[in-house]
Amino acid sequence: MTYPGGRDHPRRDAAPGVRPFLRTKPAPGQSEAGDTNSTLRPFVITSGRVDGPDPDINMETQVSVHPGAAPTRLPPEKRAIVTLCVEPLSVAEISARLHLHLGVTRILVGDLRADGHLEVHVLGDDFPDPETIMRVIRGLRAIS
Amino acid sequence: MDYEPFPRQLTPDQRVVGTARVPDEQRRTTPPVPVKIIVAGGFGVGKTTTVGAISEISPLTTEAEMTMESIGVDDPGPATSKTTTTIAMDFGCVTIDKTLKLYLFGTPGQSRFAFMWDDLIRGALGALVVVDTNRIDDCYPAVDYFERAGLPFVVGVNTFDGQLGYNLDEVRWALAVREDVPVLSFDARFRGSVRDALLVVLDQALHKSIKLNSH
Ligand SMILES: Nc1nc2c(ncn2[C@@H]2O[C@H](COP(=O)(O)OP(=O)(O)OP(=O)(O)O)[C@@H](O)[C@H]2O)c(=O)[nH]1
Ligand SMILES: [Mg+2]
């Protein structure tokens, strides 16, 4: 392989030393769940739960108040989440607006879902279909 | 702390929202289907600028844990150590229509450390890897990761006022990405430029989707 151009920049070797990470990294999906509670505050808010967050609840996942939810006493963080989700909102947006750590938000949303307060609009893990992608393309093209 | 127990099974009569009883149909707002594109790259390469240029809301920031693996570049031991670290991730969105919303997540990667983006890329359409030609190697972890994960990605060289330290062929050479991975230049500050870069990501995603759906 020849290097195009000939300026004085420091050169890097091409293959395979260029990106030294290639050999050492485990494949995606091999990271361990449950090692995400290293800081004190998130641990406290989630009552010490150490299991990984629900994989259904991702950053872009839409969350809304459960239509049948009864008013009930909730700790402040959870109450704030329920209050925000009168309109459907993404988990990331809940996290940002409430200044809650994303991992904490995911766990709390999972709890609120289990207790019937929130509806989590779960999508499959399938790669989006061509028609959906075409709609995004058309939508973006319309932006100027 | 004790909380009032919440009945799991409600009869229609018991359903209440706030203090008023409202039929389900009137309350329910169907949320849009979210799709997402990842904007990745080293520190200070223009990720937040990219997200902000196209987003209809000004970028919001959230803190997230990432598993981080330090790799033996300086200390070439056989063992790699895994730690978790908190990173700031920013995001924005573009409403495509009532039923479809595009999210953009800007996430750092750092030279000599590899982040585990497993949650981040789940369901993602693809990624834009933002590169500053002054520090090309900052994007290696992102390129490595997306390559391995089979996520469609595009390398976008942020031009920083037209200053391209290397030309695109040189960047491609340094990254040693496959022929079918687009390497383009764009200006993170301009909506039209970011839009065009994202359209290339979407084009890659469309190819993958058509391939997946053809059998
Ligand atoms: N002139 C010029 N400045 C830019 C461009 N893109 C980004 N910047 C500036 O570069 C700096 C870093 O950009 P950011 O968008 O914050 O980069 P980032 O990747 O989000 O940085 P971190 O989140 O700190 O890793 C900011 O001061 C931007 O205003 C560009 O295309 N041209
Ligand atoms: Mg940033």
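The values are calculated or read from the model by the stated rules, or taken from the named source; none is laboratory data. Please read all numbers here as calculations on a predicted model, not as lab measurements. Methodologically, a virtual Cβ is constructed for each residue, glycine included, from the backbone with ideal geometry; neighbour enumeration extends over all protein chains shown.
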Can you tell me which residues in the stretch B:176-190 are more than 16 Å from ligand 2 (Cβ to nearest atom) and more than 7 Å from chain A (Cβ to nearest Cβ)? B:V177, B:R178, B:E179, B:D180, B:V181, B:P182, B:V183, B:L184, B:S185, B:F186, B:D187, B:F190
Contact list please: Cβ distance under 7 Å, first residue in the stretch B:152-177 and under 22 Å from B:D203 (Cβ atoms), second residue more than 16 Å from ligand 2 (Cβ to nearest atom) and among the polar types (S, T, N, Q), pairs at least six apart or on different chains. B:P152/B:Q204; B:V154/B:Q204; B:V157/B:T133; B:V157/B:S185; B:T159/B:S185; B:L168/B:S185; B:V171/B:T133
When both residues are 6+ apart or on different chains and their Cβ atoms are under 9 Å apart, which pairs have a first residue that lies in the stretch B:54-65 and is within 11 Å of B:Y103 (Cα to Cα), and a second that is in a loop (DSSP other than H, G, I, E, B)? B:I54/A:I143
On the basis of being within 16 Å of ligand 1 (Cβ to nearest atom), surrounded by fewer than 21 Cβ atoms within 10 Å (Cβ to Cβ) and either among the hydrophobic types (A, V, I, L, M, F, W, C) or part of a strand (DSSP E or B) (or both), does B:T107 make the cut? no
Hey, any hits in the stretch B:184-195 for a residue that's more than 14 Å from ligand 1 (Cβ to nearest atom), at pLDDT 95 or above and crowded, with 16+ Cβ neighbours inside 10 Å? yes
Do any helices (runs of 4 or more DSSP H) lying entirely in the stretch A:71-144 carry at least 1 residues that are in contact (Cβ under 8 Å) with a residue 40 or more places away in the chain, surrounded by fewer than 23 Cβ atoms within 10 Å (Cβ to Cβ) and out of contact with any Gly (no Cβ under 6 Å at 6 or more places or on another chain), and which ones are they? A:102-114
Please enumerate the residues belonging to the stretch B:166-208 that are farther than 19 Å from B:G52 by Cβ and aromatic (F, W, Y). B:Y166, B:W173
Conditions (1) modelled with pLDDT under 95; (2) within 16 Å of ligand 1 (Cβ to nearest atom); (3) touching a helix residue (DSSP H, G or I) at 6+ places or on another chain (Cβ under 7 Å): number failed by B:I121: (2)
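Residue-by-condition table, conditions (1) within 7 Å of another protein chain (Cβ to nearest Cβ); (2) modelled with pLDDT of 95 or more; (3) more than 26 Å from A:L98 (Cα to Cα):
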{"position": "B:D24", "(1), (2), (3)": "yes, no, yes"}
{"position": "B:T29", "(1), (2), (3)": "yes, no, no"}
{"position": "B:S55", "(1), (2), (3)": "no, yes, no"}
{"position": "B:S58", "(1), (2), (3)": "no, no, no"}
{"position": "B:E65", "(1), (2), (3)": "yes, no, no"}
{"position": "B:K82", "(1), (2), (3)": "no, no, yes"}
{"position": "B:T85", "(1), (2), (3)": "no, no, no"}
{"position": "B:A88", "(1), (2), (3)": "no, no, no"}
{"position": "B:I96", "(1), (2), (3)": "yes, yes, no"}
Take the conditions farther than 23 Å from B:T62 by Cα, of a type outside the set (G, A, S) and either under 13 Å from the mean Cα position of the chain (by Cα) or more than 8 Å from every other protein chain (Cβ to nearest Cβ) (or both) and apply them to A:E131. Does it pass? yes
Could you identify the single residue in A:V109, A:V136, A:V104, A:V82 that is closer than 20 Å to B:K101 by Cβ and more than 8 Å from every other protein chain (Cβ to nearest Cβ)? A:V109
